[in-house]
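Undergrad: What follows is a structure written as C-alpha cells; I'll ask about it next.
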Amino acid sequence: MIVAMNPEHLHEYMRIDSQCHPIPWPRKSYESELSRAEDRLYLLYVLAHPRRIVGYAGVAFETEEAHITTVTVAPGWRGQGVGARLFLALALAARRRNTSLYLEVAADNPSAQSLYRRFGLAPVGIQRGYYANMADALIMRADNIHQPDFAHRLVKIAGELDCT
C-alpha cells in the first residue's frame, strides 16, 4: 500500500537509501523536505504483513513543473512493480496540478530510464557530474501530462499494475 511519508519512519527509509545510493541523503535533507507539505509530496510503499517499507518516492512542485526528486526501491523488491506504483501516484499528483514532469536519472541506470519512458518521459539532456559521486544524470521530461493521451497512458499502466 502507498502512504504519505512522515518523520516517524525516517530510520526505515534512510536504511533503504543507504542500501541503494552510494551517497545517501542526509537526515536533515529528509526533514527539510517533509516539512514542506505545501509543495512537496513524499510517499512510502509499505507491505502489510509483515509491515515493512520497501520503497519511497518524492516530488517537488515548482511553479509550472513537478520535479521527481527520488524513486527508490529496496534491492529485494525491484522489478515487482513497486517503483511503477510509486511513480504512478506521483504522476497523478502532478497531473492534478497541471504541471510538466521532469527528473534526473543516473545515465548508467537503464532499468530506471525504461520505467520513466513507460510513463512517457523522454530524454532532453545530460547533466555532467550531477550526483555527489560525480556520475552523470540523464534529464527526462514529459510536458504533455495535462493531455488526454497522457491520462490514457496512466490508466493503462494502472490496469497493468493491478494485473501483476
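Undergrad: Is it the case that residue 90 is in contact with a helix residue (DSSP H, G or I) (Cβ under 8 Å, 6 or more places away or on another chain), touching a residue at least 24 places away in the same chain (Cβ under 8 Å) and aliphatic (A, V, I, L, M)?
TA: no
Undergrad: Right, another one. Only one residue in 117, 96, 85, 52 is of a type in the set (D, E, K, R), within 23 Å of residue 2 (Cα to Cα) and crowded, with 20+ Cβ neighbours inside 10 Å, so which one is that?
TA: Just a single option satisfies the conditions, and that option is 85.
Undergrad: Might you check whether a residue that is under 24 Å from residue 120 (Cα atoms) and loosely packed, with under 12 Cβ neighbours inside 10 Å occurs anywhere in the range 10-31? Please lay out each step first, then the result.
TA: In the first step, residues of the range 10-31 are kept if they are under 24 Å from residue 120 (Cα atoms); the result is none.
Looking through the range 10-31, none of the residues is under 24 Å from residue 120 (Cα atoms) and loosely packed, with under 12 Cβ neighbours inside 10 Å.
Undergrad: Please enumerate the residues belonging to the range 26-57 that are of a type outside the set (A, V, I, L, M) and in contact with an Asp or Glu (Cβ under 6 Å, 6 or more places away or on another chain).
TA: If the condition is that a residue be of a type outside the set (A, V, I, L, M) and in contact with an Asp or Glu (Cβ under 6 Å, 6 or more places away or on another chain), then 40 is the only one that fits.
Undergrad: List pairs: first residue in the range 1-27 and among the polar types (S, T, N, Q), second residue surrounded by 15 or more Cβ atoms within 10 Å (Cβ to Cβ) anywhere in the structure, Cβ distance under 7 angstrom, at least six positions apart or on different chains.
TA: As it stands, the answer is 6/34; 18/24; 19/74, since those pairs meet every condition given.
Undergrad: What number goes with the only condition from (1) surrounded by fewer than 16 Cβ atoms within 10 Å (Cβ to Cβ); (2) closer than 13 Å to residue 68 by Cα that residue 110 does not pass?
TA: (2)
Undergrad: In the range 66-77, how many residues are more than 16 Å from residue 5 (Cβ to Cβ), buried (at least 16 other Cβ atoms within 10 Å of the Cβ) and out of contact with any Leu (no Cβ under 6 Å at 6 or more places or on another chain)?
TA: Matching residues across the range 66-77 total 2.
Undergrad: Also: Go through (1) over 23 Å from residue 152 (Cα atoms); (2) in contact (Cβ under 8 Å) with a residue 40 or more places away in the chain; (3) under 13 Å from the mean Cα position of the chain (by Cα) one by one and return the number of the condition residue 133 breaks.
TA: Here residue 133 meets the rest and fails (3).
Undergrad: Would you call residue 91 at pLDDT 95 or above, crowded, with 18+ Cβ neighbours inside 10 Å and within 16 Å of the chain's Cα centre (by Cα)?
TA: When the stated conditions are applied, residue 91 passes them.
Undergrad: Looking only at the range 16-35, filter to residues that are among the charged types (D, E, K, R) and either within 21 Å of residue 88 (Cα to Cα) or within 17 Å of the chain's Cα centre (by Cα) (or both); which one of those is modelled with the highest pLDDT?
TA: Step by step, filter the range 16-35, then rank; the result is 33.
Undergrad: Could you tell me how many of the residues in the range 111-130 are free of Cβ contacts under 8 Å to residues at least 12 places away in the same chain and over 15 Å from the mean Cα position of the chain (by Cα)?
TA: So the count comes out to 2.
The values are calculated or read from the model by the stated rules, or taken from the named source; none is laboratory data. Since the model is a prediction, treat every value here as computed from it, not as a measurement. Virtual Cβ from ideal backbone geometry, glycine too; neighbours counted across all protein chains shown.
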